There are 2 protein chains.
Amino acid sequence: MLGNFTYCNPTKLYFGNDALKGLKEELPKYGKNVLLVYGGGSIKKNGIYDDIVKILKDCGKEIFEDGGVMPNPTVEKLYEGVERAKKGNVDLILAVGGGSVCDYAKAVSVSVFCNEDPWDKYYLRMEDVDNKIIPVGCVLTMVGTGSEMNGGSVITNHEQKLKIGHVFGDNVMPKFAVLNPEYTFTLPEKQMVAGFFDIMSHILEQYFSGEDDNTSDYVMEGLLKSLIHSARIAVKNPKDYEARSNIMWTATWALNTFVAKGKTTDWEVHMIGQAIGAHTDATHGMTLAAVSIPYYKFIMPYGLQKFKRYAVNVWNVNPENKTDEETALEGLKEMEKFMREIGLVMNIKDLGVTENMLEGVADSTLIMEGGYKVLTHDDVVEILKASM
Amino acid sequence: MLGNFTYCNPTKLYFGNDALKGLKEELPKYGKNVLLVYGGGSIKKNGIYDDIVKILKDCGKEIFEDGGVMPNPTVEKLYEGVERAKKGNVDLILAVGGGSVCDYAKAVSVSVFCNEDPWDKYYLRMEDVDNKIIPVGCVLTMVGTGSEMNGGSVITNHEQKLKIGHVFGDNVMPKFAVLNPEYTFTLPEKQMVAGFFDIMSHILEQYFSGEDDNTSDYVMEGLLKSLIHSARIAVKNPKDYEARSNIMWTATWALNTFVAKGKTTDWEVHMIGQAIGAHTDATHGMTLAAVSIPYYKFIMPYGLQKFKRYAVNVWNVNPENKTDEETALEGLKEMEKFMREIGLVMNIKDLGVTENMLEGVADSTLIMEGGYKVLTHDDVVEILKASM
């Protein structure tokens with residue numbers, strides 16, 4: 001049943017191969033000083049950096065650079081970004097990159113005027129923002145996290161072996177986002193498919209929760225079918241604009257709060273994946289891929305009807321003359337086949353996890369309560385073992 | 001292929017059986033004078049009117065009444081509403097009702113400060129708004145049009161035999177909308193199912209256009225399946241909260257601009273339906289229902305693959321050992337069966353159309369260019385004849 005909720009998503013999106021013109025429209029709305037946030041520097045090679053700097057200068061902006069945001073942005077980097085933003089007295093944070101860069105930009109956005117340690121306040125204690133927020137805009141160069149149209153922000157603390165996400169409210173969501181599918185063409189294949197699975201996992205984490213028959217269950221089945229269809233095309237031809245643009249659009253809607261409205265959600269795969277990330281620094285989407293099939297096999301008996309529905313509606317499994325369990329398992333088998341086909345990492349050993357790390361990873365795994373089974377510490381260890 | 005687009009939908013939604021609390025949250029954001037817009041007075045019988053007036057008074061608002069908005073709001077009523085809004089110097093227009101009331105509220109919103117005839121400017125000449133807009137909020141008591149989260153506004157001019165919709169930009173969209181599924185429980189069955197078909201038609205008008213395989217095609221199939229599922233439950237038990245809430249949520253997403261982004265759309269069924277409405281004043285959803293099957297049979301040869309996809313993905317037609325045409329037709333047959341099952345009016349005679357009106361209705365029908373076939377005047381007459 002649809003529970004009560006509020007919905008508001010004010011982010012303005014500019015989508016298409018001419019989307020950068022949106023940046024020109026947006027910049028005049030903000031003050032002079034812009035913190036330009038980006039990652040390892042690939043945008044300097046492919047020309048996106050130069051295009052953006054030109055637009056910023058044409059609009060009379062003063063640029064304060066903040067490059068080098070790592071794939072799993074750390075709390076130390078966050079502290080550094082806060083100092084840069086303070087020094088520049090910045091009016092806008094412009095994130096150019098993928099989900100990590102956008103997540104980091106939002107973390108800086110809420111932390112500059114925070115009068116205590118933002119890691120403690122926002123990530124450990126999950127408190128609401130009660131200080132001034134610096135507006136964020138995004139230019140996306142990588143697809144998956146949906147960070148361009150949500151309030152989510154994941155930060156990693158290697159010392160504490162914790163990778164934690166905070167979902168902030170609509171006041172922290174990016175004010176605008178530029179989505180040009182062509183910007184994702186040059187991404188290495190491993191990163192590309194990791195992003196595809198991140199999208200898939202976002203949908204599944206929201207789908208596999210509750211026994212209900214909500215509108216969003218049907219919508220999520222549609223999003224999954226579109227993603228599977230387009231991912232198969234994109235791995236063969238990463239420059240297929242149609243496939244990449246549909247995947248980009250699917251990624252946004254997979255995690256911009258719409259499909260979660262009025263229903264419970266799981267997010268345990270992300271919790272296990274993030275724990276692996278905290279211990280290994282492995283690519284986010286791959287950590288999710290490596291544990292998903294073992295996780296879903298483990299919880300399947302507790303939500304059998306939804307897994308059967310998933311098999312039939314998403315993977316076209318014919319349920320005739322099969323037990324519900326056989327149908328459901330066949331769906332997971334089809335999913336696994338698809339995952340191998342697009343080249344995902346299917347075990348955590350390949351991500352650098354060793355036997356003697358399993359207990360530690362389980363210790364770092366936050367336990368969620370919205371899924372079909374609330375895991376125990378031993379359950380997590382069992383799933384990790386099955387993922388080796 | 002996904003075309004280039006911008007997306008922004010800032011409407012804040014309060015959804016659920018406690019949604020009216022959202023009105024209390026929103027009212028302090030606006031000035032003292034509120035134009036309270038509603039329809040035939042059913043809200044005075046079911047208590048919604050009293051609840052709202054109490055909240056308005058508790059929030060210190062001065063109420064200016066504007067009741068009696070008819071199901072197809074007329075241009076004369078619009079002129080009257082403009083005068084009332086001017087007299088009250090209103091700061092907010094609060095629409096309490098269904099799509100007609102919301103559409104009308106938006107029409108008043110853009111017309112109060114318009115220095116020429118708003119019918120000419122906005123409906124005949126389809127010009128953009130360049131004057132001050134009075135903000136609109138909605139409390140929905142009827143489901144179908146999606147008017148609560150879009151810029152659409154349809155006004156009827158009986159003298160000119162024209163019923164025309166203008167889709168205004170996101171600055172005219174309601175600032176907030178209160179969506180309580182229980183408010184729709186007392187609606188007469190005829191109105192309820194007409195609303196269901198209005199939703200269905202909105203999705204189909206956007207689905208049956210373009211040969212593409214966009215994310216939104218998959219999402220629309222999900223929305224359709226959810227709607228069909230819940231509509232069957234709701235006609236048996238109109239007070240089934242789960243069904244009514246899912247239908248309410250589907251209606252919003254069927255026409256809040258999301259699924260149309262990056263693709264072409266048709267809207268010819270609405271054009272024919274609105275022409276019938278201009279001549280007969282028949283219920284909007286019923287005018288769409290009565291012409292849909294003949295229309296889709298007529299255009300099917302021009303978009304056969306999409307009709308085949310519709311049959312398979314929405315109506316579970318098995319395409320094996322069938323020609324594409326047979327599969328597609330079976331889909332339309334299933335659709336017709338469903339429409340009869342929920343009690344829709346299936347011919348225009350029952351809506352008051354007579355043989356000698358057909359030419360006039362065709363004359364009043366605007367011709368759209370996004371569908372699989374651009375109709376001629378004679379095509380419209382042929383479809384109308386097949387709908388008798």
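What follows is calculated from the coordinates using simple rules that are stated; it is not laboratory data. Only a predicted model underlies this, so the values are computations on that prediction, with no experimental measurement involved. Cβ atoms come from the backbone with ideal geometry, glycine included; neighbour counts cover every protein chain shown.
For segment B:346-388, the Kirkwood hydrodynamic radius from C-alpha pairs, put into Stokes-Einstein at 4 °C and a viscosity of 1.567 mPa s, yields a diffusion coefficient of 119 µm² per second.
If you take every DSSP beta bridge whose two residues both sit in the protein assembly as shown, what share of them, in percent to the nearest 5, is antiparallel? The antiparallel proportion sits near 30 percent.
Residues considered: B:373, B:86, B:190. Largest GNM mean-square fluctuation over chain B, using C-alpha springs under 10 Å, is found at B:86. Computed over segment B:103-206, the Cα gyration tensor eigenvalues convert (square root of 5λ each) into semi-axes of 26, 17, 12 Å, ordered from largest to smallest. Global size of segment B:240-351: 15.5, 45 Å for Rg and Dmax (C-alpha atoms, Rg to one decimal, Dmax whole).
For chain A, a crude dipole built from +1 on the beta carbon of Lys and Arg and -1 on the beta carbon of Asp and Glu, taken about the Cα centre, is about 1160 debye to the nearest 20. Here residue B:62 yields copy-to-copy label distances, from shortest upward, of 4.7 nm, the label point defined as 7 Å from Cα along Cα to C-beta. Its relative contact order, with pairs defined as Cα atoms under 8 Å and 6+ residues apart, puts chain B at 17 percent. Taking other Cβ atoms within 10 Å as a rough exposure proxy, B:114, B:102 sort from fewest to most as B:114, B:102. Per the Debye calculation on segment A:189-386 with a single equal scatterer at every Cα and no solvent contribution, log₁₀ I(q)/I(0) for q = 0.09, 0.10, 0.16, 0.19 Å⁻¹ amounts to -0.31, -0.39, -1.04, -1.44. Charge dipole of the protein assembly as shown (Cα centre as origin; +1 on each Lys and Arg Cβ, -1 on each Asp and Glu Cβ, all else neutral): 820 debye, rounded to the nearest 20. With the cut-off at 1.5 for a/c, could you classify segment B:166-244 from its C-alpha gyration tensor as rounded, prolate or oblate? Oblate.
Remark: mean inter-chain Cβ contacts per residue of A:236-249 equal 3, using a 10 Å Cβ-Cβ cutoff to other protein chain atoms. The two copies B and A are related by a rotation, and the chain B beta carbon nearest its axis, with distance in whole angstrom, is B:222, 2.
Inter-copy label distances at residue B:158, shortest first and taken from points set 7 Å along Cα to Cβ: 7.6 nm. What dipole magnitude, in Debye to the nearest 20, does segment A:189-386 give about its Cα centre under +1 on Lys/Arg Cβ and -1 on Asp/Glu Cβ? Dipole magnitude for segment A:189-386 comes out near 680 debye. Per-residue ellipticity at 222 nm computed for chain A from its helices equals -14500 deg cm²/dmol, with DSSP H segments shorter than 4 residues left out and the rest contributing -39,500 (n - 2.57).
With only Cα atoms counted, the protein assembly as shown has Rg and Dmax values of 26.7, 85 Å. Across all Cα atoms of segment A:36-136, the radius of gyration (one decimal) and Dmax (whole number) stand at 13.7, 42 Å. Computed from the alpha carbon atoms alone, the convex hull of segment B:12-183 holds 97 Å³ per residue. Which one of A:376, A:312, A:338 is farthest out on the positive end of the charge dipole of segment A:299-377, using unit charges on Cβ (Lys, Arg +1; Asp, Glu -1) and the Cα centre as origin? The residue sitting most towards the positive pole is A:312. For peptide B:8-18, the mean count of partner chain Cβ atoms within 10 Å of a residue's Cβ comes to 5.
Amide H contacts of residue B:12 (H built 1.01 Å from N, in plane; Pro and chain starts excluded): B:176, B:177 sit under 5 Å, all sequence-distant by 5 or more or on other chains.
Taking other Cβ atoms within 10 Å as a rough exposure proxy, A:340, B:244, A:84 sort from fewest to most as A:340, A:84, B:244. For chain B, DSSP calls about 20 percent of its internal beta bridges antiparallel.
In chain B, the longest principal axis of the Cα atoms and the axis of helix B:189-207 are about 70 degrees apart.
Straight-line reach only, C-alpha to C-alpha below 12 angstrom: list the aspartates and glutamates that residue B:239 could link to, leaving out same-chain residues fewer than 8 apart. Here the aspartates and glutamates satisfying the reach criterion relative to residue B:239 are B:182, B:189. For the peptide A:210-217, the mean number of other protein chain Cβ atoms found within 10 angstrom of a residue's Cβ is 5.
Ordered by the number of other Cβ atoms lying within 10 Å of each residue's own Cβ, fewest first, B:332, B:124 fall into the sequence B:124, B:332. According to the Kirkwood relation over distinct C-alpha pairs, the hydrodynamic radius of chain A is 21.2 Å. Cα convex hull, segment A:142-196: 101 Å³ per residue, rounded to a whole number. Label-point distances for residue A:360 to the equivalent site in the other copies, using a point 7 angstrom along Cα→C-beta, read 8.4 nm when ranked shortest first. Relative to the 2.2 N^0.38 Å rule of thumb, segment A:141-274 has a C-alpha radius of gyration ratio of 1.06.
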